[in-house]
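K.L.:
Below: one structure in structure tokens.
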């Protein structure tokens, strides 16, 4: 290919220009339709101590009645992220999340589960704190391991579309299995190399299409012991949506997932509409 880009396109206009440059102009409409809006979380300088404000790391803001989330053995989970949903609404307009309140994310940063075992759902938690609830900073528990605490960092919420990755089955649906066309698309929409925290959109995968992993893990967890679950179909995997992507960000927050990996909080469309936060799954991918 004569053209080369180091980052995904920033918007639909740039996507169209890139697809035209690699000979895929005729497929622009179909490929652009695969994009999903996201709330990109840009890290900022400062402590991120506004009560109810969007931030990575530090201390969460909880209600008095909220217990600190713990794993199946009673160990405290690590606080990763909280997002002011009113800021998401202001950036994106109407979206799939509640219009207001705070969404808080916790994870077993010590064990770093990959998300494939039956008991893994005990290793993370997502809390929705409704709008108007009295919140206050919650100190980390005394038995919280120091190495699993993260530096507080405020974030700016901004709209950013996420285009489909060449490994997503929807791209193959559009382009077929033509290697030249797929290579051209990957040239136009290369994998992201810098870190990116976000809500919604599409997961920017490091390995395979993680929606199949999440669907399979959920099936196994629901079925319990017995015969191995069948590989999910594209229809089943396609129901899974990205809720949040938390990247390795050692410089700002001291977060490191495996070998410079990413955490993906995902849930089905049905569970997202039902606000079934207890049905969220996490997938960890790394290089």
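K.L.:
Once the Cα gyration tensor of the stretch 216-287 is diagonalised, what are the square roots of 5 times its eigenvalues, in whole Å and ordered largest first, as equivalent ellipsoid semi-axes?
P.N.:
They are 26, 16, 11 Å, listed largest first.
K.L.:
Rounding to the nearest 10 and keeping the result within 0 to 90°, find how far the Cα-based axis of helix 12-21 lies from the longest principal axis of the chain.
P.N.:
It works out to around 40 degrees.
K.L.:
Determine which residues of the stretch 202-219 fall in the zone a paramagnetic label at residue 186 would reach in this model, i.e. backbone nitrogen under 16 Å from the point 7 Å along Cα→Cβ.
P.N.:
From the stretch 202-219, the list is 205-210.
K.L.:
With the calculation restricted to Cα positions, what are the radius of gyration and Dmax of the chain in angstrom?
P.N.:
19.2, 60
K.L.:
Specify the angular offset, from 0 to 90 degrees and rounded to the nearest 10, of the alpha carbon long axis of helix 179-188 from the longest principal axis of the alpha carbons in the chain.
P.N.:
60
K.L.:
Between residue 30 and residue 222, what is the spin-label point distance in nm, taking each point 7 Å from the Cα along the Cα→C-beta axis?
P.N.:
3.1
K.L.:
Based on the mean of other beta carbon atoms within 10 Å per residue, what is the order of 33-45, 266-278, 95-107, most packed first? Don't jump to the answer; show the numbers that get you there.
P.N.:
On the way: 33-45: 17.7, 266-278: 16.2, 95-107: 20.0.
In descending order of packing, they fall as 95-107, 33-45, 266-278.
K.L.:
Okay, moving on. Tilt of helix 210-223 relative to the longest C-alpha principal axis of the chain, in degrees (0 to 90, nearest 10)?
P.N.:
The angle comes out near 50 degrees.
K.L.:
Rg/Rh for the stretch 113-176 to two decimals, with Rh computed the Kirkwood way over all alpha-carbon pairs.
P.N.:
So for the stretch 113-176, dividing Rg by the Kirkwood Rh gives 1.10.
K.L.:
Plugging the Kirkwood radius over Cα pairs into Stokes-Einstein for the stretch 142-287, at a temperature of 10 °C and a viscosity of 1.306 mPa s, what D comes out in µm²/s? Kindly include the intermediate steps, with their values, before the conclusion.
P.N.:
Numbers: Rh = 17.1 Å.
My calculation gives 93 µm²/s for D.
K.L.:
What is the Å³ per residue value for the convex hull set by the Cα atoms of the stretch 79-232?
P.N.:
In the stretch 79-232, the Cα hull volume divided by residue count equals 171 Å³.
K.L.:
Can you give me the Kirkwood hydrodynamic radius for the stretch 73-167, using every pair of distinct Cα atoms, in Å to one decimal? List each step's numbers first, then the result.
P.N.:
Numbers: mean 1/r = 0.0637 Å⁻¹.
After inverting the mean inverse Cα-Cα distance, the result is 15.7 Å.
K.L.:
Quick check on the stretch 3-53: what does the Kirkwood estimate of hydrodynamic radius come out to from the alpha carbon pairs, in Å? Present the calculation step by step, with values, prior to reporting the outcome.
P.N.:
Details: mean 1/r = 0.0730 Å⁻¹.
It works out to 13.7 Å.
K.L.:
Quote the relative contact order of the chain in percent (integer), defining contacts as alpha-carbon pairs under 8 Å separated by 6+ residues. Intermediate values should be presented prior to the final figure.
P.N.:
On the way: 596 pairs, mean separation 69.9, N = 287.
Relative contact order of the chain: 24 percent.
K.L.:
How much space per residue, in cubic angstrom, does the convex hull of the C-alpha atoms of the stretch 36-76 take up? Present the calculation step by step, with values, prior to reporting the outcome.
P.N.:
On the way: hull volume 5.7 nm³, N = 41.
It comes to 138 Å³ per residue, whole-number rounded.
Read the figures in this text as sums done on the coordinates, not as results from a lab. Everything numeric in this text was worked out from a predicted model, so none of it was measured. Please note: Cβ atoms are built from the backbone with ideal geometry, for glycine as well, and neighbour counts cover all protein chains shown.
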